[in-house]
1. Tell me the residue from Glu197, Glu262 that is within 18 Å of Cys85 (Cβ to Cβ), surrounded by 12 or more Cβ atoms within 10 Å (Cβ to Cβ), at pLDDT below 95 and among the acidic types (Asp, Glu), please.
2. Within the range 223-231, identify whether any single residue is among the aliphatic types (A, V, I, L, M) and more than 16 Å from Asp41 (Cα to Cα), and answer yes or no.
3. Pick from Glu57, Glu69, Glu63: which is without any contact (Cβ under 8 Å) to a residue 12 or more places away in the chain and assigned by TED's automatic domain parsing to the domain that holds Lys26?
4. Going by what's in this entry, would Glu127 be described as under 19 Å from the mean Cα position of the chain (by Cα) and part of a helix (DSSP H, G or I)?
5. Taking the conditions exactly as written (out of contact with any Pro (no Cβ under 6 Å at 6 or more places or on another chain), among the basic types (Lys, Arg) and surrounded by fewer than 16 Cβ atoms within 10 Å (Cβ to Cβ)), does Arg152 satisfy them or not?
6. State whether one or more residues within the range 44-58 are of a type in the set (Gly, Ala, Ser) and part of a loop (DSSP other than H, G, I, E, B).
7. Residues in the range 166-186: is at least one free of Cβ contacts under 8 Å to residues at least 24 places away in the same chain and farther than 30 Å from Arg123 by Cα?
Amino acid sequence: MIHAVSFSSGLSSALTAARVLERYGKENIRIVFMDTLFEDDDNYRFMDEFAARFDVEIIRLVEGRNPYEVSRAQHVIPNNKLAPCTFRLKIELFRAWLAEQTEPVTVHIGYDFAEVHRCEPTRRNYEGLGYTVDFPLLWKPIEFRPYTQVSREDWGIEPPRMYALGYTHANCGGRCVKQGQGDWLRTLANFPERYAEIEAWEQEMRDHPKRKDYAILRSQTAGETQPLTLKELRERYQNKRIDAPLLCGLDEASACVTCGIESES
């Protein structure tokens, strides 16, 4: 039996891998990282230190495009409901790798108690492909400490810097298409060049008449949902002159974490 861990380069998948290693040993463990080519540099540092700490190899799969190149090719402006990058750069690669294995596979996904609602559709889809599924963060004993604390105290590894900057998840260097306004404001404050790049990308995509009414973000006014461009969000931020330290806690949406097959957008 091969125990395959979907590794995102963040803390939840790292703790998932650590728990699988503790229970099954490293001989039959395969830790698989689907590289979007868009992660923060410090995520790669964290992965290297994790691999060294546990004396394991992290298998790297790469499609060759970043999330926004995928969206451009599919002629869409992505958002938290429509994210073709998740399927093209993660799920599709992971499925292809799984199909190459000649032994039975248990797939381990890093959902915790905040994501229990995702377990059943993920289990159903993987089992439909012939794989067993497990969720190590739901194993007992339950881990009540923040994952950053586990990383420092148990492993002696500094977590990816994205967490210290207040991000909900350490995905795509603060440019995840699924993140909310709070995380985008963090990117504007901490990585203005990254924000400017995606803002320009979004504006260019909106130049097409079929995409002019779409945006990565949305806002609600008087109960009505409207697209909110990164340009508009930046201008609101600048006009209100929000202090960067106040950005912590503003986020209202979660980002892509691991390869749970729930949709194939």
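1. Working: Glu197 fails: at pLDDT below 95.
Just one listed residue meets the conditions, Glu262.
2. yes
3. Going through Glu57, Glu69, Glu63 in turn, just one is without any contact (Cβ under 8 Å) to a residue 12 or more places away in the chain and assigned by TED's automatic domain parsing to the domain that holds Lys26: Glu69.
4. Values: under 19 Å from the mean Cα position of the chain (by Cα): no; part of a helix (DSSP H, G or I): yes.
Criteria not met by Glu127.
5. Numbers: out of contact with any Pro (no Cβ under 6 Å at 6 or more places or on another chain): yes; among the basic types (Lys, Arg): yes; surrounded by fewer than 16 Cβ atoms within 10 Å (Cβ to Cβ): yes.
Taking the combined requirement at face value, the residue satisfies it.
6. Of all residues in the range 44-58, those of a type in the set (Gly, Ala, Ser) come to 51-52.
Okay, now just the ones that are also part of a loop (DSSP other than H, G, I, E, B), so none.
No, the conditions are met nowhere in the range 44-58.
7. Checked against the condition, which is being free of Cβ contacts under 8 Å to residues at least 24 places away in the same chain and farther than 30 Å from Arg123 by Cα, the range 166-186 yields no hits at all.
The values are calculated or read from the model by the stated rules, or taken from the named source; none is laboratory data. None of the values given here were measured: they were computed from a predicted structure. Cβ sites come from the backbone with ideal geometry, for glycine too, and all protein chains shown count toward neighbours.
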